[in-house]
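The values are calculated or read from the model by the stated rules, or taken from the named source; none is laboratory data. Here the structure is a predicted model, which means the values were calculated and not measured. Positions of Cβ are generated from backbone atoms using ideal geometry, with glycine treated the same way; all protein chains shown enter the neighbour counts. Only protein heavy atoms, including side chains, enter the accessible area calculation; ligands, DNA and RNA are left aside. Shrake-Rupley method; radii C 1.70, N 1.55, O 1.52, S 1.80 Å.
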Amino acid sequence: MDSSHLTRKLVVAAHAGLAGSLVGATALHIGWAKQVDTVRHTVSDYALSKNAAAVFAGTVASLSAGSAALLAGLVRSRLPIGAPATALLGVWCGGMALTGIFRTDPQGGVPTARGLTHRYAAGGAIATLPAVGLLIARRLQGVPGWERKARPVRRISWASAAGGLAFLAAHVSATAARPTPAVRAIGGWLGLAERAALTLELSLLFQLAEAVQASREER
């Protein structure tokens, strides 16, 4: 199997995994709409809902597999992504996998080692992905003919960074020991802030997959 054919298969696998995670997330939001508040509760709370754990695990597994295929595709492509971006994308893949293995703790409950592992794995993953996009966009700008293709990657990366910061602010507010009314109000938007951040980061993953596909077509 030549390199171009393998890269094409990796791009297809990446798109399939990412699309599968969208299907799973849609199923969770529709099927368990009465049990999980999309404004206050995080996506991970679906795993605590009746009969939703398997769907949540499948959704995360699909996202992790698609991201891993994307990582392999980027490495095999001729794009100058660099070691830092490669390592950080690996952190994203590993963090997503851990969120599927270790379930979150119920909001307001006593923190457990399982729940803390889930929380830090998810937080680390969400924090690293925008950096991946920015690093790759910066390198692509130096490649002849790729200046325009780097722009959407850079834009969605900055948007993802902003979404991640909004989620961080909401998470800190939601877990504050002695919240003021203003802090409590910000924390009440935790679920919506996380969904916005994840939507932007999923868009970034699709954008990176398109970059790998474009690099293959130019060979």
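Here is how the numbers come out for the structure above:
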read-out: Extreme residue, most open to solvent (accessible area, probe 1.4 Å), among residues of segment 122-144 that are over 20 Å from the mean Cα position of the chain (by Cα) and in contact (Cβ under 8 Å) with a residue 24 or more places away in the chain; value: Arg139
read-out: Of all residues in segment 170-181 being surrounded by 15 or more Cβ atoms within 10 Å (Cβ to Cβ) and not aliphatic (A, V, I, L, M), the one that is nearest to Lys9 (Cα to Cα); value: His171
read-out: Odd one out for Arg40, checked against (1) open to solvent by 20 Å² or more (accessible area, probe 1.4 Å); (2) farther than 21 Å from Thr7 by Cα; (3) in a helix (DSSP H, G or I); value: (3)
read-out: Residues (crowded, with 20+ Cβ neighbours inside 10 Å, among the small types (Gly, Ala, Ser) and modelled with pLDDT under 95) located in segment 85-112; value: Gly100
read-out: Hey, Ser157 surrounded by 20 or more Cβ atoms within 10 Å (Cβ to Cβ), touching a residue at least 12 places away in the same chain (Cβ under 8 Å), among the polar types (S, T, N, Q) and out of contact with any Gly (no Cβ under 6 Å at 6 or more places or on another chain) or not; value: no
read-out: Contacts under 8 angstrom Cβ, first residue in segment 1-19 being at pLDDT below 85, partner assigned to a helix (DSSP H, G or I) and aliphatic (A, V, I, L, M), 6 or more apart; value: Thr7/Val212
read-out: Residue identified as within 15 Å of Leu205 (Cα to Cα) and touching a residue at least 12 places away in the same chain (Cβ under 8 Å) among Ser49, Ser67, Ser77; value: Ser67
read-out: Failed item, numbered, when Val12 is tested on (1) in contact with a Ser or Thr (Cβ under 9 Å, 6 or more places away or on another chain); (2) more than 19 Å from Phe56 (Cα to Cα); value: (1)
read-out: Residue within segment 55-74 that is exposed (fewer than 15 other Cβ atoms within 10 Å of the Cβ) and of a type in the set (A, V, I, L, M, F, W, C) present; value: no
read-out: Conditions (1) on the phi > 0 side of the Ramachandran plot; (2) crowded, with 19+ Cβ neighbours inside 10 Å; number of the one not met by Asn51; value: (2)
read-out: Among the residues listed as Arg78, Arg119, Arg148, Arg184, the single one being in a helix (DSSP H, G or I), open to solvent by 50 Å² or more (accessible area, probe 1.4 Å) and either among the hydrophobic types (A, V, I, L, M, F, W, C) or under 20 Å from Val212 (Cα atoms) (or both); value: Arg148
